[in-house]
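Asker: Take this structure first; my questions come after.
Every read-out reported here was derived from the displayed coordinates using simple, explicitly stated rules and does not represent laboratory data. All values derive from a computational prediction rather than experimental measurement. In this analysis, Cβ positions are derived from the backbone assuming ideal geometry, glycine residues included, and neighbour counts consider all displayed protein chains.
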Amino acid sequence: MTKVIVDPSCGNSPKAAFVRDFNIAFGTADTDFLVQHVANDIIWTIYGDKVIEGKEAFKKAVEEMKDYVAEEIEIASIVTHGKAAASNGEMLMKDGSRYAYCDMYEFVSPGKHIIRTLKSYVIKAS
């Protein structure tokens, strides 16, 4: 079972609560939730690694991550405004490695929880 630590302010709006849940889905390899909430023309840029374009490519990428379930997820902050959002935190993996991340989201519209672009910055912290 993954331990989740979330700053209390990270659920102070429906969009922030969604971003919180999306981050938890990444850490727990909930691929169905992730794929359900991206646009067909999603563009996911993982800086320093690759660019993933389209829902099918996104689905393949997150399914490949199923073996990398986090032991602990810490979500430090979430900021939302209009159709944009950002989150940052750390994930402790089962092998003891720790990764710090910052994700930048653009939604299809301010009122929808469907992600059009995702820009991820991930560094190995230990």
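Asker: In whole angstrom, note down how far apart the Cα centers of the stretch 9-29 and the stretch 47-123 are.
Answerer: The stretch 9-29 and the stretch 47-123 have Cα centres separated by 10 Å.
Asker: Tell me which lysines have Cα within less than 16 Å of residue 124's Cα, excluding those fewer than 8 residues away on the same chain?
Answerer: List returned: 94.
Asker: Using the Cα centre as the reference, give the magnitude of the dipole from point charges on the C-beta atoms of the stretch 3-124 (Lys, Arg: +1; Asp, Glu: -1; all else neutral), rounded to the nearest 20 debye.
Answerer: 320 debye
Asker: Restricting to Cα pairs below 8 Å that are 6+ residues apart, what does the relative contact order work out to for the chain? Please round to a whole percent.
Answerer: Numbers: 269 pairs, mean separation 33.1, N = 126.
Relative contact order here is 26 percent.
Asker: Here's a follow-up. Could you sort the peptides 89-96, 60-67 by per-residue average Cβ neighbour count (10 Å cutoff), highest mean leading? It would help to have the intermediate numbers written out before the result.
Answerer: Details: 89-96: 15.5, 60-67: 13.0.
Highest mean packing first, the order is 89-96, 60-67.
Asker: Also, I was wondering about something else. By the scheme Lys and Arg +1, Asp and Glu -1, what is the net charge of all other residues having a beta-carbon under 9 Å from that of residue 41?
Answerer: +1
Asker: Taking the Cβ-Cβ separation of residue 99 and residue 36 as r and a Förster radius of 22 Å, what is the calculated FRET efficiency to the nearest 0.05?
Answerer: On the way: r = 24 Å, r/R0 = 1.10.
Approximately 0.35, to the nearest 0.05.
Asker: Still on this structure, I have one more. Please give the net charge around residue 87, taking every other residue with its beta carbon less than 12 angstrom from that of residue 87, where Lys and Arg add +1 and Asp and Glu add -1. Numbers along the way, then the final one.
Answerer: Details: positive: 15, 20, 119; negative: 7, 21, 74, 90, 103.
Once all neighbours under 12 Å are counted, the net charge is -2.
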